[in-house]
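Colleague: My questions will all concern the structure given below.
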Amino acid sequence: MGFQFRAKRKEPRFLRSNGTPSFSSRVYEKPSEVSVIARRPVVTATPTTPVFEALKTMAARGFRRLPITSPSGRLLGIITAMDFMDFFGGGKKFDIIVNRHKGRLYAALNEALEQIMTRDVVKSYLNETFVDVLAKMVKYNVGAIPIVTDDEKIFGIITEKDVVDHLAEKMTGKRVEEVMSSEVITIPPSTTLLEALKVMVSNGFRRLPVKGDRGVEGIIVAMDVVRFLGSTRIFEFIKSDSIYDVLNVGVQDLMTKSVVSISPESDIGEAADLMRKTNRGSLLVIEKGELVGIITERDLLIAIALE
């Protein structure tokens with residue numbers, strides 16, 4: 001398939017010997033009330049919500065995840081873009097479509113979320129502090145923490161983007177190359193959606209740059225997949241009721257072509273501002289016309305929150 005690899009940078013040590021993150025003073029200087037920081041109201045789904053309905057909601061609102069609640073609002077789980085990529089061919093959840101639905105697309109789109117949602121949710125309570133929430137986000141490597149009341153009812157949610165926005169004012173002192181991920185897997189434009197999903201899920205990636213003969217031509221991210229599967233455009237590619245009609249679509253038809261990039265010498269404050277202005281969760285790092293890395297909201301969170 002023409003995947004290309006770069007050497008992975010050595011990861012900094014995030015946790016002390018007692019398992020707690022080494023937070024910088026910046027974290028403790030900020031207001032700590034979770035009730036103020038949490039984003040609300042929270043858009044949720046129920047366990048019986050069909051897959052296609054959840055995809056449409058996420059695509060329309062630009063959400064990477066939806067908490068799953070009972071009718072009374074009690075948190076039961078969460079569905080993420082990665083869960084959907086796993087289900088539609090990237091991982092073991094694809095077995096549901098193959099074995100239970102015999103590869104039928106419409107049956108897969110009408111599957112209930114309870115069959116594919118993540119049930120073991122990393123969550124925080126209203127009486128916890130922002131530091132507690134951030135510690136869980138770093139320790140468990142999750143992009144969002146649902147906030148619940150004492151009776152387990154959903155109150156709000158805090159995401160990586162919320163943390164970066166909360167801490168990022170006057171963010172300077174580190175260069176992009178110090179915090180970026182220098183392991184980059186690229187795929188050619190001829191890659192099918194199924195092939196891309198397998199690479200993304202097996203590596204835990206939410207994004208893959210698409211590189212052709214002329215260099216980087218675009219990037220396919222988890223939300224591109226959600227927007228495609230959650231739109232009527234999906235039906236343009238259907239010749240039968242086979243899931244493979246959709247999974248054989250080339251990534252060049254789905255990818256984001258307007259790539260936003262930054263140089264490795266740039267300050268991370270510039271990267272944060274560029275992400276906010278362009279509403280991107282990542283930037284490609286380009287040096288002398290060559291792709292040398294990628295910087296994400298997670299990289300910024302680590303850079304500004306940890307010593």
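Colleague: Quick one: 3J(HN,Hα) in Hz for segment 144-155, Karplus 6.51/-1.76/1.60 with θ = phi - 60°, rounded, Gly and Pro as x.
Modeller: 7, 10, x, 9, 10, 7, 4, 9, 6, 8, 5, 10
Colleague: Just to check I understand the Karplus step: with θ = phi - 60° and J = 6.51 cos²θ - 1.76 cosθ + 1.60, what whole-Hz values come out for segment 101-113, glycine and proline as x?
Modeller: 9, 6, x, 7, 5, 5, 5, 5, 5, 9, 4, 6, 4
Colleague: Counting only protein heavy atoms, what percent of the accessible surface of the chain is carbon or sulfur at a 1.4 Å probe?
Modeller: 48 percent
Colleague: Do any GluC sites (Glu not before Pro) in segment 29-112 lie in a loop, going by DSSP, with at most 11 other beta-carbon atoms within 10 Å of their beta carbon, and if so which?
Modeller: Filter output for segment 29-112: Glu29.
Colleague: Hey, got the dipole for segment 92-239? About the Cα centre, +1 on K and R Cβ, -1 on D and E Cβ, debye to the nearest 20?
Modeller: About 620 debye.
Colleague: Give me, ordered by chain and number, the residues 5 or more places off Lys174 or on other chains with an amide H under 5 Å from its own placed amide H.
Modeller: Ile268, Gly269
Colleague: Name the shape class, rounded, prolate or oblate, that the alpha-carbon gyration tensor gives for the chain, where a ≥ b ≥ c are the square roots of its eigenvalues, rounded holds for a/c under 1.5, and otherwise prolate holds if a/b is larger than b/c and oblate otherwise.
Modeller: oblate
Colleague: Can I ask one more? Which entries of Lys123/Lys257; Lys92/Lys153; Lys56/Lys139; Lys93/Lys239 show an alpha-carbon separation above 26 angstrom in the structure shown?
Modeller: Lys123/Lys257; Lys92/Lys153; Lys56/Lys139
Colleague: If you stretched the chain out fully between Lys139 and Lys30, how much longer would it get, using 0.36 nm times the residue separation minus the C-alpha to C-alpha distance?
Modeller: 37.2 nm
Colleague: Another question, then. How about segment 190-281: which GluC sites (Glu not before Pro) there lie in a loop by DSSP and see at most 13 other Cβ atoms within 10 Å?
Modeller: Answer by residue number: Glu265.
Colleague: While we're on this one: Give me, ordered by chain and number, the residues 5 or more places off Phe23 or on other chains with an amide H under 5 Å from its own placed amide H.
Modeller: Glu307
Colleague: Among Lys257, Lys161, Lys239, which one shows the biggest mean-square fluctuation in a GNM of the chain, springs joining Cα atoms closer than 10 Å?
Modeller: Looking only at Lys257, Lys161, Lys239, the biggest GNM fluctuation is shown by Lys239.
Colleague: In a shell of Cβ-Cβ distance under 12 Å around Ala112, excluding Ala112 itself, what net charge do Lys and Arg (+1) and Asp and Glu (-1) give?
Modeller: Numbers: positive: Arg100; negative: Glu53, Glu111, Glu114.
That sum, taken over residues with Cβ under 12 Å, equals -2.
Colleague: A follow-up question, please. Provide the per-residue ³J(HN,Hα) series for segment 291-301, in order, calculated from phi with Karplus coefficients 6.51, -1.76, 1.60 and θ = phi - 60°, each as a whole number of Hz, with x at glycine and proline positions.
Modeller: 6, 10, x, 9, 10, 10, 4, 4, 4, 5, 4
Colleague: Applying 1/(1 + (r/R0)^6) with R0 = 41 Å to the Cβ-Cβ distance of Glu178 and Asp151, what FRET efficiency is obtained, to the nearest 0.05?
Modeller: 0.40
Colleague: What whole-number value in Å² describes the accessible area per residue of the chain for a 1.4 Å probe?
Modeller: 47 Å²
Colleague: If amide H atoms are built 1.01 Å from N in the plane of the peptide, which residues on other chains or at least 5 residues away come under 5 Å of the amide H of Val184?
Modeller: Under 5 Å from the amide H of Val184 lie the amide H atoms of Arg6, each far enough along the sequence or on another chain.
The values are calculated or read from the model by the stated rules, or taken from the named source; none is laboratory data. Predicted model only: the values in this text are computed from it and were never measured. Using ideal geometry, Cβ is built from the backbone for each residue, glycine included, and neighbour counts are taken over all protein chains shown. For accessibility, only protein heavy atoms count, side chains too; no ligands or nucleic acids. Shrake-Rupley method; radii C 1.70, N 1.55, O 1.52, S 1.80 Å.
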